[in-house]
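I have placed the structure first, in the form of structure tokens, so that the comments after it can refer back to it.
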Amino acid sequence: MTIHSTGAEPVPATLGVVGPGLMGLGICHAAALAGVHAVLVGRDADAALRGRERWSGELAQRVARGRLEASAADQLRDAVTAATDDRALAGCALVVEAVAEDREVKQAVLRRIEAAVPRGALIGTNTSGLPVSGLAGSLAHPGRFIGLHFFSPVDRMALVEVVVGRETSPATTEAALAWVRRLGKQPVVVRDSPGFFTSRVFAAYLDEAAAMVGEGVAPERIEAAAAAAGMPIGPLAMLDETGLALNWQQARQARADGLAERFCRPLAWPVLDRMVSVLGRRGRRDGGGFYDYPAAQFRNLWPGLAQAFPQRAEQPAPEQVQHRLMHAQALAAVACLEEGIVASAQDADLASVLGLGFPKAQGGVLAQVERHGLARFVAECDALAAQCGERFRPSDWLRGRNALR
């Protein structure tokens, strides 16, 4: 699998998006920016219309702040149509579902899409971690189904993870790559698995931080260690941004699907469950999580954290906290490379920089390991395994490598 040009024919410029939420509207926005007409579908005509109106209001705010010309906003609006029902999808060459990360909900929507689109149309799912091959079971023709994992905010994030399921046809993969490039995005092809590549690496970063909160490590120390490593946002703030409730739901869904324990977020679960189920702290969009948000541009750590998760008297050294956050990501990426989820270290690095905000100066999640020195990295992981748990123990495959390229 490569990320290079495929020589595919030009993509027909009609895109369907089912799900007028944050990601669905973001995909419509990206399509409009690329000059592609998008048809937005919701549960009903009102849902699609309300979604388009929310997006139109956001465009108006950008105009008011001087970030967008009024004429450009009008052109973007003209490119997105709110459909009255599923019949509007009949003219689409690709339809992407972008609904909640719930298997039953997605499968019901995918059946709706398949019933509405022509036989030759592609069907994509914007899932961030549900196995594509499992979702394909709801379709009569799974060969035309593929994962298209966009990143938020869609208009600013360049990466799309193209997830090839067991029954995805080569022609579908080629056409999907052409579509991603037509939308001005950078595709990276990955093999289907729980969490794919980016979500596995991302979860390793977030979950290690949540585990430290549960252990009584000071939240300020965790966030400071991430900043010192060059991460654009601390893991606790990122959990708030992505939504504690969403991360909690993903863990619940993984358990409901009977996935192996390592895919069920066991490190983070005790803290996520307490925050969401007991304390009602669901994330920024729901009023706050690890942080309070007194104003649009400011956040403060929630004072209740100290009572919910008492801090231990002896705090770990900043270097150990940083190693836990960064080495956890690297080990997850190494596992994906070893398992063939990602084709190369270069693809892993590209995906981590463009999709996860990994420090560009480091070159990517695996380039960082090689710059650090593979032998030194393995030794530090062994030390972490002795101190923090066997999840840090390097595999025999990694120990036998001289390089990751």
Please work out which one of (1) free of Cβ contacts under 8 Å to residues at least 24 places away in the same chain; (2) exposed (fewer than 14 other Cβ atoms within 10 Å of the Cβ) is the condition ARG252 fails and give its number.
(2)
Suppose we filter GLY340, GLY288, GLY355 for residues that are on the phi > 0 side of the Ramachandran plot and either crowded, with 17+ Cβ neighbours inside 10 Å or touching a Ser or Thr at 6+ places or on another chain (Cβ under 8 Å) (or both); which single one remains?
GLY288
If you check VAL378 against the conditions, is it at pLDDT 95 or above and under 30 Å from PHE150 (Cα atoms)?
no
Close pairs from the stretch 168-180: first in a helix (DSSP H, G or I), partner surrounded by fewer than 20 Cβ atoms within 10 Å (Cβ to Cβ), Cβ under 6 Å, at least 6 apart
GLU174/THR6; GLU174/ALA8; LEU177/THR6; ALA178/ALA8
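Being farther than 19 Å from ALA204 by Cβ, assigned to a helix (DSSP H, G or I) and of a type in the set (D, E, K, R) narrows it down to one of ARG274, ARG299, ARG324, so name that one.
Working: ARG299 fails: assigned to a helix (DSSP H, G or I); ARG324 fails: farther than 19 Å from ALA204 by Cβ.
After applying the criteria, what remains is ARG274.
Out of curiosity, is GLY304 touching a Lys or Arg at 6+ places or on another chain (Cβ under 6 Å) and within 26 Å of GLU215 (Cβ to Cβ)? Full working, then the answer.
On the way: touching a Lys or Arg at 6+ places or on another chain (Cβ under 6 Å): no; within 26 Å of GLU215 (Cβ to Cβ): yes.
When the stated conditions are applied, GLY304 does not pass them.
In the stretch 29-87, which residues are among the polar types (S, T, N, Q) and either within 28 Å of LYS106 (Cβ to Cβ) or touching a residue at least 24 places away in the same chain (Cβ under 8 Å) (or both)?
Residues of the stretch 29-87 among the polar types (S, T, N, Q): 56, 61, 71, 75, 81, 84.
Within the stretch 29-87, SER56, GLN75, THR81, THR84 qualify.
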With the condition being within 24 Å of VAL162 (Cβ to Cβ) and of a type in the set (S, T, N, Q), I'd like the helices (runs of 4 or more DSSP H) fully within the stretch 327-405 carrying at least 2 qualifying residues.
345-356
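The values are calculated or read from the model by the stated rules, or taken from the named source; none is laboratory data. Because the structure is predicted, anything quoted here is derived from the model rather than measured. Cβ: placed from backbone, ideal geometry, glycine included. Neighbour counts: every protein chain shown.
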